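The values are calculated or read from the model by the stated rules, or taken from the named source; none is laboratory data. This one's a predicted model, so the numbers in the text were calculated from it and none came from an experiment. Using ideal geometry, Cβ is built from the backbone for each residue, glycine included, and neighbour counts are taken over all protein chains shown. Side chains included, ligands, DNA and RNA excluded: accessible areas come from the protein's heavy atoms. Shrake-Rupley method; radii C 1.70, N 1.55, O 1.52, S 1.80 Å.
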Amino acid sequence: QVQLVESGGGLVQAGNSLRLSCAASGRTASSYTMGWFRQAPGKERMFVAAISGSDGTTYYADSVKGRFTISRDNAKNTVYLQMNLLKPEDTAIYYCAATTRVTRMTAVGRVDYWGQGTQVTVSS
């Protein structure tokens, strides 16, 4: 079992930055692919970014490319999402996710573990 605990959400003005953190428990968590999804009010949960546990490969949703950066510290079993140039449309609950599967974690159905979520609100 893996438990994921997010932190770092909050309220910011458009154009500013936030960094989210996700701490994972479990001895093998560093080998998992980990990432982030987000869910805006009334919308489906959508993929944001992920990083492979095997080689550190990263991939992003088109809507955040060039603004968001995902990274991980395997010694701390922690994944980070640095969010720059935030826009009001980035407002959502951000969920940390993890999977043991080899396929890209770009869909909700490919996630094995979820965090409880952290709210990010971007004002205009």
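So who's got an amide H within less than 5 Å of the one on Y59, skipping anything under 5 residues away but keeping other chains? H placed 1.01 Å off N, in plane.
Answer set, sorted by chain and number: A50.
What is the distance in Å between the Cα centroid of region 1-46 and that of region 81-110?
7 Å
Sorted by average packing, counted as other Cβ atoms within 10 angstrom per residue and highest first, what order do 57-68, 104-115 take? Before the final figure, lay out each step's value.
On the way: 57-68: 14.6, 104-115: 16.8.
Put in order of decreasing packing, that is 104-115, 57-68.
Please find, in a Gaussian network model of the chain (springs between Cα atoms separated by less than 10 Å), the residue of I93, I51, I70 whose mean-square fluctuation is greatest.
Judging by the Gaussian network model, the answer is I93.
Enumerate the calculated ³J(HN,Hα) couplings along region 75-86 in order (Karplus 6.51 cos²θ - 1.76 cosθ + 1.60, θ = phi - 60°), each rounded to whole Hz, writing x wherever the residue is Gly or Pro.
5, 9, 6, 10, 10, 10, 10, 8, 10, 10, 6, 5
Applying the Karplus parametrisation 6.51 cos²θ - 1.76 cosθ + 1.60 with θ = phi - 60° to the phi angles of region 109-122, what ³J(HN,Hα) value in whole Hz is obtained for each residue in order, glycine and proline being reported as x?
Result, ordered by residue: x, 9, 9, 9, 9, 10, x, 8, x, 9, 7, 10, 10, 10 Hz.
Among the aspartates and glutamates, which have Cα under 14 Å from the Cα of K76 when same-chain residues fewer than 8 positions away are ignored?
E6
Sort the following peptides by mean Cβ neighbour count (other Cβ atoms within 10 Å, averaged over residues), highest first: 95-102, 11-18. It would help to have the intermediate numbers written out before the result.
Details: 95-102: 18.6, 11-18: 13.6.
Per-residue Cβ counts within 10 Å, averaged per peptide and sorted highest first, yield 95-102, 11-18.
Evaluate the chain: find the radius of gyration of its Cα atoms, find its Kirkwood radius, and give the ratio Rg to Rh. Let's see the in-between values first.
Values: Rg = 13.3 Å, Rh = 14.2 Å.
With Rg and the Kirkwood Rh in hand, the quotient comes to 0.94.
First compute the accessible area of the chain with a 1.4 Å probe, then give the percent of it belonging to carbon and sulfur atoms.
Values: 3040 of 6440 Å².
Here it works out to 47 percent.
Taking only protein heavy atoms into account and a 1.4 Å probe, give the accessible area per residue of region 29-107 in Å².
Values: 3740 Å² over 79 residues.
That works out to 47 Å² for each residue.
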